[in-house]
1. Given the C-alpha centroids of the stretch B:121-175 and the stretch A:37-87, what is the distance between them in whole angstrom?
2. On C-alpha positions alone, give me the angle between the axis of helix D:62-74 and the longest principal axis of chain D, in degrees, nearest 10.
3. Express the relative contact order of chain B as a whole percentage, based on alpha carbon pairs under 8 Å and six or more residues apart in sequence.
4. Going by C-beta contacts inside 10 Å, put B:270, A:180 in order with the fewest on the left.
5. To the nearest 10 degrees, how steeply does helix C:130-143 sit against the main Cα axis of chain C, on a 0 to 90 scale?
6. How many angstrom separate the Cα center of the stretch C:112-129 from the Cα center of the stretch A:184-247?
7. If you take every DSSP beta bridge fully contained in the protein assembly as shown, what fraction is antiparallel? Give it as a percent rounded to 5.
8. Using Cα springs under 10 Å in a Gaussian network model of chain A, which residue among A:240, A:267, A:295 shows the largest mean-square fluctuation?
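What follows is calculated from the coordinates using simple rules that are stated; it is not laboratory data. These numbers come from a predicted model, not from an experiment. Because the Cβ atoms are built from the backbone with ideal geometry, glycine has one as well, and the counts that use them run over all protein chains shown.
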């Protein structure tokens, strides 16, 4: 499979009242054609800012560092003019967001908002755009699409709104779909519907997908590969199976043990002490070291790099690196 | 509280506004010391309608009075009226707003319909209606008239805020902890509605300055010979061609005063209002 | 006959109907938020109340605490008729029933230091005053795992987990018997969620508390509840001891709900039952079984569309509101996957 | 829709009725009556005053007076104007058109200019141009409208100003107007309108711009703007089609609220420019102690405000689908 997206040294910072926040710090990742990459982490770890940075949608006071590279099929989005960038947004790489209610314009009909996406990239008549919209609504499972296109967002349920967002994202057959917490605002049974829809559409349309979520369960069921984020960095990245079977980073394994589960006895949960620090106050050296159960002196003095600790398995941890070296 | 002050002092508008108001306030407070002449003293025929000069930086008016001195005293009155009238309107407005927002449907309906009616009358006309009944008004009665006709907006803001704060989780939490009504009101409700009141009060002061000037300009506010900025402009409007300084300077002082209040009000809004912070 | 101990909390035929705010144009339709529910809660028991948004679980909690007035039914707490109390007795009762809210930020007064927030109920209920009250606040902070030096901080200076600990300390300050926990961990991150859940387990053990634990996340509830009630559109659809509810759910809704919870194990993925459609509009609940328009049960028939299923005894200590729960409910794979119409 | 309008009109009638009641209370609670207040200013004899009181029913008990007052009001009878010796309603009706023309022109300047400046600022918040315009709007916002009128006169008006461009007072050139062609008459009226309308409109525009800027900033921060950018729309479509459109919602509310402020402004501006409208009429009436005119003008203004609010509500419903269907 070929590389669709290649991101190198992506760094996005915000100037805040409390100082400079490096919300995303030197993130590198690759997305292959047709694959689903899951990005997990707790809130404040930089997942959403990463997603927005990929399409350069970060607003002031946010700023993407110049040395960042976001290559889509060999072309660097960082070097593109606004006009060139627009031809990528929505057409090649599309996005859906966490809050469908807030992400749709309340004063325009959902149909009009999808029409607009179609017409932004194709010179088609209004009628043709509308026909396409109805077709898309049908594709994403909105019942009675010809009627629903004329409704306003508030007339639809949360699940239907998210379907409309998906229809909008798919309007130009993008190669990549970035889904940022697409089900977090929804109920469990609706979440199941939307996830199933995304998986099905991805297969049917042959897209690649970046699925961002805090829910390890969702990633386990949907992603081919997983990147775990902590403190604005990727701390571990591996094939889904390997990551869940043999997590190498102490944060990943602690997170896995802290999740309440239905498939295991209801014992007392393992915890991670403390909380995710704010982006203005990342700890020096390894960002996880104040919360890590296995901190060594080295972790407090030098930041570990993202190194290979297994086949296609990258980990940002001194301990894992050491163990890997010993095993090898 | 000190944290709020720190954030305020970082706000550019607030800083400029406070600086401007401090200068103007000092001018008003120290008027007797700073004014070069007695504001009501008529300095004689030879000194009538003199253009600005070293002796009279703002010139003199038709009665030969020093415009600078009159402007300083006029600003003093504007400040006193604005501060007192807004204080009065905030007290009335807050009481009515809290009563409407917290006192049940019937009371709310009665109070708010009254406020609707009062707000449907243009403010200047409302004041004309009230002033039509008075012969001559002094500073005290003007304060009462302005204060008692300026609380409608405040009461609406307070009511809206009370209705919103009422629904906050901590109000319900206090209730579920068995905290009594009175304590909920004083410890949970009121402290959380002060910000919008402060913002409304500051911006309201600028408006009162403008309205008071407008009334005096119509000849209905403070009466001669007391120096009042609006009245000075009224007199000046008849002499626009011959002695523009008699209306330019009082107007400019008003503009500066209102800018000061607006800047401070904007600064408060930027830092205190959770919706914009 | 066995002697049945008096329950701590006994709810009978509780109903909450909101008057619809219909104007001249829209027909007023009554909104049934909680529809005729009954249950008991024994001393020291932990009961999990599970449902999606709009199921009425939070309304039920508010009814029990009388933060909202019931339309009909009764709530007895330790023999006291809660719905009949005057304001003064109600405040006294609130010493004994406490609630921890979902949003730890929203439920703390932003203008009150967290120490003052915990001290307030202590002083309001005359449990302690002055230095003794301060001492008690310190103890409570330690008990919930907060650094006592935080007493002078304001809510916005704490993290979400710390704020929720303050909320718990405040609820404990009046030494209640019953703690109503309304989605206490759903606003928290996974790592912090585990901390708070463990704290709740410890506190229950140490203080012998009774919990009514409300949540939408079945996996979370499983870690704390001994018995489960599943709500759907204002009604109880299933009540069962936790172990059985999870291993062998009987109501088709419970089954679907359980199957929809994502499992954090790529090899342990189960067959999902994906429900069609949305939760019914509370103003236009369907006739018959409220769940029938979304029900994947193979035996669904006219009876489901016309006759409201009663909550009936399915086994010792288990009740289900379904005409067909005895029938096996294996859903063919194709039907499970095809939810897109 | 019809029901909504009917309902709001009914509410409006209630508001006007309340205004009339407040006006009644204000007058009757005040010490004495118009004739005692006339006091020594009037040379009228005691007998004349007593007769006039009887004629006006001022010797009747309060509630009788009140019911008669309201009954008259319901018939559209606002009493007699002492100074003009004719019904107040007719005297006012003669002045209303001039005020409406002035207010409409000012409103146009207010919102067109205000929205344009505010939207431009909001979409470039933090830039040099934004800062500069902020200083400008803040200053204009703080200017007394009558003083701005004087200053405009000082710069632009015939015989007064530096530039000698436009007439300073009145609504038409007396003595000449009648001999002009229809087109000439229109030009003459427009030339007279410019200064007062600009004075009133500029101050309003400054307030509108401040509000519009905030509204724009508010909208730009919202998620659906990000959606619009993410689907590859041009920045212009994002700003005009999504941001501006949505930011106009709060401006419509402001539009409703601006009517009483505008009418307040006309009182002052009409006095400065000797514009023969309702505002100037009221001020003159006060000095002539023609109290029925003052009351009448207050009631008529309340009607105008009520109608203005209804207009704003209708606009809001036309633009925001969320409030349709809600009464």
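1. Measuring centre to centre over Cα atoms gives 50 Å.
2. Roughly 60 degrees, rounded to the nearest 10.
3. Relative contact order, chain B: 27 percent.
4. Going from least to most buried by this count: B:270, A:180.
5. Roughly 40 degrees, rounded to the nearest 10.
6. If you average the Cα positions of each part, the centres end up 45 Å apart.
7. 60
8. A:267
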